1. Scan region 132-167 for residues that are in contact with a helix residue (DSSP H, G or I) (Cβ under 8 Å, 6 or more places away or on another chain) and assigned to a loop (DSSP other than H, G, I, E, B) and report the count.
2. Under the condition of being surrounded by fewer than 20 Cβ atoms within 10 Å (Cβ to Cβ) and in contact with a Pro (Cβ under 9 Å, 6 or more places away or on another chain), which residue from region 84-110 is farthest from V129 (Cα to Cα)?
3. Pick from region 111-131 the residues that are open to solvent by 70 Å² or more (accessible area, probe 1.4 Å) and assigned to a loop (DSSP other than H, G, I, E, B): which of them is modelled with the lowest pLDDT?
4. Are there any pairs with C-beta distances below 7 angstrom linking a residue in region 113-142 that is aliphatic (A, V, I, L, M) to a residue that is at pLDDT 85 or above and open to solvent by 60 Å² or more (accessible area, probe 1.4 Å), with the two at least 6 apart or on different chains, and if so which?
5. Just checking, which of A70, A32 is touching a Pro at 6+ places or on another chain (Cβ under 8 Å), open to solvent by less than 60 Å² (accessible area, probe 1.4 Å) and closer than 19 Å to S143 by Cβ?
6. Here is a list of conditions, (1) out of contact with any strand residue (DSSP E or B) (no Cβ under 9 Å at 6 or more places or on another chain); (2) assigned to a helix (DSSP H, G or I); (3) not hydroxyl-bearing (S, T, Y), and A71 meets all of them except one; can you say which number that is?
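The values are calculated or read from the model by the stated rules, or taken from the named source; none is laboratory data. All figures in this text were calculated on a predicted structure; none of them were measured in a lab. Positions of Cβ are backbone-derived with ideal geometry, glycine not excepted, and every protein chain shown enters the neighbour counts. Ligands, DNA and RNA are stripped out before the accessible areas are found, and what is left, the full protein with its side chains, is counted by its heavy atoms. Shrake-Rupley method; radii C 1.70, N 1.55, O 1.52, S 1.80 Å.
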Amino acid sequence: GPFAILTTGVDPLFDDTRNRPALAQTFQENGANDRVTVSVNHLKSKGSACDGDPDTGDLQGNCNATRTSAAQALVDWLGSNPTGAGTGDNLIIGDLNAYDQEDPITAIKAAGYTDLIETYQGALAYSYVFDGQAGYLDHALASPSLTARVRGATEWHINADEPIAFD
């Protein structure tokens, strides 16, 4: 079926001059009626400045309101059936540039989504290591109807465990 893209033109809460547009596509197994819509995302980084959305000192970095608005727009958009598949089985993946307890992830969870990395990998899950600290900004969050069907999730440590001396 057709893909869909979330931009500022679809929802003004989603600032596509700061966040990369979200891409959604629905997949269906051949011969099966099961479908899942996957939304791939990359929200605004914490490190670079945002005019009007500075670091407030709450340890969530720059642009937190931008990421949180984008997260809310994302769940609203997916709830509107953007690809026309009509399943409600939605998976949000990608670099959301927020830790599990930060506002953008909390907004997605408040909409009923489950953090699959937290569920299947636990509190020590990580996708990167920086200055000796590990964590994850890359997420997989499933809608309520999809969560019951998920059997596992893992982080891919592409180069997280590589010593900086190898750079």
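1. 7
2. My answer is G84.
3. D131
4. Within 7 Å, the pairs are A125/E118; L137/Y99.
5. One residue alone meets the criteria, A70.
6. (1)
Conditions (1) over 19 Å from L43 (Cβ atoms); (2) under 13 Å from the mean Cα position of the chain (by Cα), marked per residue:
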| site | (1), (2) |
| --- | --- |
| D89 | yes, no |
| I92 | no, yes |
| D95 | no, yes |
| D100 | no, yes |
| I108 | no, yes |
| G112 | yes, no |
| T119 | yes, no |
| A123 | yes, no |
| Y126 | no, no |
